[in-house]
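Enquirer: Dumping the structure here so I can ask a few things about it.
The values are calculated or read from the model by the stated rules, or taken from the named source; none is laboratory data. Remember, it's a predicted structure, so these values are computed and weren't measured experimentally. Neighbour counts are summed over all protein chains in view; Cβ atoms, including those assigned to glycine, are modelled from backbone coordinates with ideal geometry.
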Amino acid sequence: MNQMVFDSIVQALTNILMERRALVPELTPQTPLSATGLDSLDIATLTVCLDEKIGRVPEEALRQYPNTLGELTDLYARSQRSQPAPAVLRT
């Protein structure tokens, strides 16, 4: 598991929950997403935040809806590795 990706997910998730003054449960790779207290709007917010912070997950990968934070971490870590490096501009 990619610890840096996991830490980014936990930070984003914590920020969302704190923003709406919800309890932040213990967040481990085994934590089910359903146990985080996120609603559908929160999931959309989390996805946008992670896309900006880590990188976009390809549409076909989203068909495999992750059940735990560890699975979500793996999904973003795999998509991060498969993204091309940014082009270098020369002037």
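Enquirer: Does region 48-74 hold any residues that are at pLDDT 90 or above and surrounded by 14 or more Cβ atoms within 10 Å (Cβ to Cβ), and which are they?
Expert: Cys49, Leu50, Thr68, Leu69, Gly70, Glu71, Leu72, Thr73, Asp74
Enquirer: If you don't mind, there's one more thing I want to ask. Exactly one of (1) over 14 Å from Leu72 (Cα atoms); (2) outside any helix (DSSP H, G or I); (3) of a type in the set (A, V, I, L, M) is unmet by Leu27. Its number?
Expert: Exception for Leu27: condition (1).
Enquirer: Here's a follow-up. Only residues that are assigned to a loop (DSSP other than H, G, I, E, B) and more than 16 Å from Gly55 (Cβ to Cβ): list them for region 1-18, please.
Expert: Passing the criteria: only Met1.
Enquirer: Further question: State all residues of region 42-62 that are without any contact (Cβ under 8 Å) to a residue 24 or more places away in the chain and assigned to a helix (DSSP H, G or I); if no residue qualifies, say none.
Expert: Ile43, Ala44, Thr47, Val48, Asp51, Glu52, Glu59, Glu60, Ala61, Leu62
Enquirer: A further question follows. Contact list please: Cβ distance under 8 Å, first residue in region 25-41 and closer than 13 Å to Ile9 by Cα, second residue among the aromatic types (Phe, Trp, Tyr) and modelled with pLDDT of 95 or more, pairs at least six apart or on different chains.
Expert: If the second residue must be among the aromatic types (Phe, Trp, Tyr) and modelled with pLDDT of 95 or more, the pairs left are Pro29/Phe6.
Enquirer: Inspect region 34-42 for any residue being modelled with pLDDT under 90, in contact with a helix residue (DSSP H, G or I) (Cβ under 8 Å, 6 or more places away or on another chain), surrounded by fewer than 16 Cβ atoms within 10 Å (Cβ to Cβ) and polar (S, T, N, Q) and give the result as yes or no.
Expert: Among the residues of region 34-42, not one is modelled with pLDDT under 90, in contact with a helix residue (DSSP H, G or I) (Cβ under 8 Å, 6 or more places away or on another chain), surrounded by fewer than 16 Cβ atoms within 10 Å (Cβ to Cβ) and polar (S, T, N, Q), which makes the answer no.
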